[in-house]
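Note sheet for the following structure.
The values are calculated or read from the model by the stated rules, or taken from the named source; none is laboratory data. Remember, predicted model here, so these are calculated numbers, not experimental data. Virtual Cβ from ideal backbone geometry, glycine too; neighbours counted across all protein chains shown. Only protein heavy atoms, including side chains, enter the accessible area calculation; ligands, DNA and RNA are left aside. Shrake-Rupley method; radii C 1.70, N 1.55, O 1.52, S 1.80 Å.
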Amino acid sequence: MNNMRIMGLDYGEKTVGVAISDALLLTAQPVETIVRERPTKLRKTYQRLEELIQENEVEKIVLGKPLNMNGTEGERVERTTEFKETLEKRTGLVIEFMDERLTTVEADRILSETGVAASGRKEYIDKMAAAIILQAYLDSQPRQ
(Lines give C-alpha, C1' and ligand atoms only; values in the text may rest on other atoms or scores of the structure.)
Protein backbone atom coordinates (compact mmCIF):
# COMPACT_ATOMS: atom_id res chain seq x y z
CA MET A 1 0.00 0.00 0.00
CA ASN A 2 1.59 3.28 -0.95
CA ASN A 3 1.36 6.23 1.35
CA MET A 4 1.30 8.89 -1.31
CA ARG A 5 -0.39 12.01 -0.10
CA ILE A 6 -1.58 15.01 -2.04
CA MET A 7 -1.19 18.58 -0.81
CA GLY A 8 -3.81 21.23 -1.55
CA LEU A 9 -2.81 24.89 -1.63
CA ASP A 10 -4.82 28.09 -1.61
CA TYR A 11 -2.37 30.78 -2.72
CA GLY A 12 -3.28 34.30 -1.64
CA GLU A 13 -1.83 37.80 -1.47
CA LYS A 14 -0.29 37.30 1.98
CA THR A 15 -1.10 33.72 2.90
CA VAL A 16 -0.95 30.20 1.59
CA GLY A 17 -3.55 27.82 2.98
CA VAL A 18 -2.30 24.23 3.18
CA ALA A 19 -4.27 20.98 3.32
CA ILE A 20 -3.07 17.39 3.02
CA SER A 21 -4.95 14.26 2.04
CA ASP A 22 -5.13 11.10 4.08
CA ALA A 23 -3.09 8.11 2.84
CA LEU A 24 -6.15 6.62 1.11
CA LEU A 25 -6.70 9.86 -0.84
CA LEU A 26 -10.28 10.09 0.38
CA THR A 27 -10.30 13.14 2.61
CA ALA A 28 -8.54 16.48 2.83
CA GLN A 29 -7.49 17.89 6.20
CA PRO A 30 -6.67 21.58 6.70
CA VAL A 31 -3.09 21.76 8.02
CA GLU A 32 -1.97 25.35 8.38
CA THR A 33 -1.98 28.84 6.96
CA ILE A 34 1.45 30.19 6.10
CA VAL A 35 1.52 33.96 6.51
CA ARG A 36 4.11 36.29 5.00
CA GLU A 37 4.76 39.94 5.77
CA ARG A 38 4.73 41.09 2.14
CA PRO A 39 3.18 39.56 -0.97
CA THR A 40 6.60 39.35 -2.65
CA LYS A 41 8.43 37.69 0.26
CA LEU A 42 8.07 34.01 -0.52
CA ARG A 43 11.37 32.46 0.57
CA LYS A 44 10.08 31.31 3.97
CA THR A 45 6.81 30.17 2.40
CA TYR A 46 8.67 27.89 -0.03
CA GLN A 47 10.87 26.58 2.81
CA ARG A 48 7.85 25.76 4.97
CA LEU A 49 6.08 24.03 2.08
CA GLU A 50 9.19 21.94 1.39
CA GLU A 51 9.25 20.87 5.08
CA LEU A 52 5.57 19.90 4.97
CA ILE A 53 6.06 17.99 1.71
CA GLN A 54 8.87 15.94 3.27
CA GLU A 55 7.14 15.37 6.62
CA ASN A 56 3.95 14.16 4.92
CA GLU A 57 5.47 12.28 1.98
CA VAL A 58 3.58 14.44 -0.50
CA GLU A 59 3.89 13.27 -4.10
CA LYS A 60 1.58 15.72 -5.82
CA ILE A 61 0.20 19.21 -5.26
CA VAL A 62 -3.16 20.66 -6.21
CA LEU A 63 -3.20 24.44 -6.39
CA GLY A 64 -6.32 26.57 -6.50
CA LYS A 65 -6.58 28.56 -9.73
CA PRO A 66 -8.21 31.92 -8.95
CA LEU A 67 -10.26 32.43 -12.11
CA ASN A 68 -12.63 35.38 -12.34
CA MET A 69 -16.28 34.43 -11.84
CA ASN A 70 -16.81 34.54 -15.62
CA GLY A 71 -13.98 32.04 -16.13
CA THR A 72 -11.38 34.49 -17.42
CA GLU A 73 -7.85 34.76 -16.07
CA GLY A 74 -6.76 37.93 -14.33
CA GLU A 75 -3.53 39.04 -12.71
CA ARG A 76 -4.14 36.77 -9.69
CA VAL A 77 -3.85 33.80 -12.06
CA GLU A 78 -0.54 35.21 -13.34
CA ARG A 79 0.86 35.51 -9.82
CA THR A 80 -0.43 32.06 -8.90
CA THR A 81 1.14 30.60 -12.05
CA GLU A 82 4.51 32.16 -11.15
CA PHE A 83 4.21 30.65 -7.66
CA LYS A 84 3.34 27.26 -9.23
CA GLU A 85 6.33 27.32 -11.58
CA THR A 86 8.78 28.23 -8.81
CA LEU A 87 7.36 25.57 -6.48
CA GLU A 88 7.58 22.95 -9.25
CA LYS A 89 11.24 23.82 -9.83
CA ARG A 90 12.03 23.71 -6.11
CA THR A 91 10.20 20.48 -5.30
CA GLY A 92 10.26 18.55 -8.57
CA LEU A 93 6.61 17.65 -7.92
CA VAL A 94 3.74 17.77 -10.37
CA ILE A 95 1.37 20.62 -9.54
CA GLU A 96 -2.14 20.59 -10.96
CA PHE A 97 -4.48 23.56 -11.07
CA MET A 98 -8.01 23.20 -9.70
CA ASP A 99 -10.72 25.82 -10.21
CA GLU A 100 -11.15 27.58 -6.85
CA ARG A 101 -13.80 30.14 -7.71
CA LEU A 102 -16.19 29.38 -4.88
CA THR A 103 -13.87 27.92 -2.26
CA THR A 104 -13.42 30.99 -0.05
CA VAL A 105 -17.19 31.53 0.01
CA GLU A 106 -17.69 27.83 0.77
CA ALA A 107 -15.02 27.87 3.51
CA ASP A 108 -16.67 30.88 5.13
CA ARG A 109 -20.08 29.16 5.00
CA ILE A 110 -18.70 25.97 6.59
CA LEU A 111 -16.95 27.91 9.33
CA SER A 112 -20.06 29.92 10.11
CA GLU A 113 -22.14 26.72 10.24
CA THR A 114 -19.65 25.15 12.63
CA GLY A 115 -19.93 28.16 14.89
CA VAL A 116 -16.53 29.76 14.34
CA ALA A 117 -16.97 33.45 15.16
CA ALA A 118 -16.49 35.80 12.21
CA SER A 119 -13.56 37.43 14.01
CA GLY A 120 -11.80 34.08 14.34
CA ARG A 121 -12.45 32.93 10.79
CA LYS A 122 -9.52 34.65 9.10
CA GLU A 123 -6.96 32.27 10.58
CA TYR A 124 -8.98 29.25 9.45
CA ILE A 125 -10.35 30.38 6.11
CA ASP A 126 -7.23 29.88 3.97
CA LYS A 127 -6.41 26.38 5.19
CA MET A 128 -10.11 25.52 4.96
CA ALA A 129 -10.20 26.81 1.37
CA ALA A 130 -7.12 24.65 0.65
CA ALA A 131 -8.97 21.63 2.06
CA ILE A 132 -12.01 22.37 -0.13
CA ILE A 133 -9.81 22.67 -3.25
CA LEU A 134 -8.09 19.38 -2.39
CA GLN A 135 -11.36 17.63 -1.55
CA ALA A 136 -12.86 18.70 -4.89
CA TYR A 137 -9.81 17.25 -6.62
CA LEU A 138 -9.95 13.98 -4.66
CA ASP A 139 -13.68 13.64 -5.38
CA SER A 140 -13.03 14.13 -9.10
CA GLN A 141 -10.55 11.25 -9.33
CA PRO A 142 -11.68 7.82 -10.48
CA ARG A 143 -11.54 5.24 -7.67
CA GLN A 144 -9.44 2.13 -8.18
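Can you pull the accessible area of residue 32 for me, 1.4 Å probe, Å² to the nearest 10?
Probe radius 1.4 Å; accessible area of residue 32 about 40 Å².
Given a 1.4 angstrom probe, I'd like the percentage of the accessible area of the stretch 1-79 that is carbon and sulfur, rounded to a whole number.
Answer for the stretch 1-79: carbon and sulfur cover 47 percent of the accessible area.
Need the C-alpha centroid separation for the stretch 102-125 versus the stretch 34-63, integer Å.
The stretch 102-125 and the stretch 34-63 have Cα centres spaced 22 Å from each other.
P(r) for the stretch 1-85: what percent of alpha-carbon pairs falls in each 10 Å bin, starting at zero?
In order of increasing distance, the bins hold 17, 47, 29, 7, 0 percent.
Could you tell me the relative contact order of the chain? Use alpha-carbon pairs under 8 Å, at least six residues apart, and round to a whole percent.
Taking the mean separation of contacting Cα pairs over the length of the chain, I get 33 percent.
What's the longest uninterrupted piece of the chain once you rule out the trypsin sites (Lys or Arg not before Pro) that are loop residues per DSSP with at most 14 other Cβ within 10 Å?
Numbers: sites that count: 14, 41, 143.
The longest such stretch corresponds to 42-142.
About the Cα centre of the stretch 1-46, how large is the charge dipole given +1 on each Lys and Arg Cβ and -1 on each Asp and Glu Cβ? Please answer in debye to the nearest 20. Each step should come with its number before you reach the end.
Values: 7 positive and 5 negative charges, 67 e Å.
The dipole of the stretch 1-46 has a size of about 320 debye.
Taking 0.36 nm per residue of sequence separation and subtracting the Cα-Cα distance, how much length would be gained by fully extending the chain between residue 4 and residue 47, in nm to one decimal? Display every interim value, and only then the final one.
Working: separation 43, 0.36 × 43 = 15.48 nm, distance 2.05 nm.
Net length gain for the segment: 13.4 nm.
Straight-line reach from residue 122: which lysines have a Cα under 17 Å away, not including same-chain ones fewer than 8 places off?
Qualifying lysines at Cα under 17 Å: 14.
Accessible area per residue, 1.4 Å probe, Å², for the chain: what's the number?
Value for the chain: 56 Å² per residue.
Explain nothing, just the number: dipole magnitude of the stretch 1-97 about its Cα centre with +1 on each Lys and Arg Cβ and -1 on each Asp and Glu Cβ, in debye rounded to the nearest 20.
Rounded to the nearest 20 debye, it is 320 debye.
Residue 77 to residue 112: FRET efficiency via 1/(1 + (r/R0)^6), r the Cβ-Cβ distance, R0 25 Å, to the nearest 0.05?
Numbers: r = 28 Å, r/R0 = 1.11.
In this case the efficiency is close to 0.35.
Kirkwood Rh, the stretch 44-100, all Cα pairs: how many Å?
12.1
Tell me the label-point distance for the pair residue 55, residue 38, using the 7 Å Cα-to-Cβ offset, in nm and rounded to one decimal.
Label at residue 55, label at residue 38, 2.8 nm between them.
Mind telling me which of 69, 128, 98 comes out most flexible in a GNM of the chain, alpha-carbon contacts under 10 Å?
69
If you place +1 on the Cβ of every Lys and Arg and -1 on the Cβ of every Asp and Glu, how big does the dipole about the Cα centre of the stretch 44-144 come out, in debye to the nearest 20?
That gives a dipole near 160 debye.
Roughly how much of residue 11 is accessible, in Å² to the nearest 10, using a 1.4 Å probe?
Per-residue accessible area (residue 11): approximately 20 Å².
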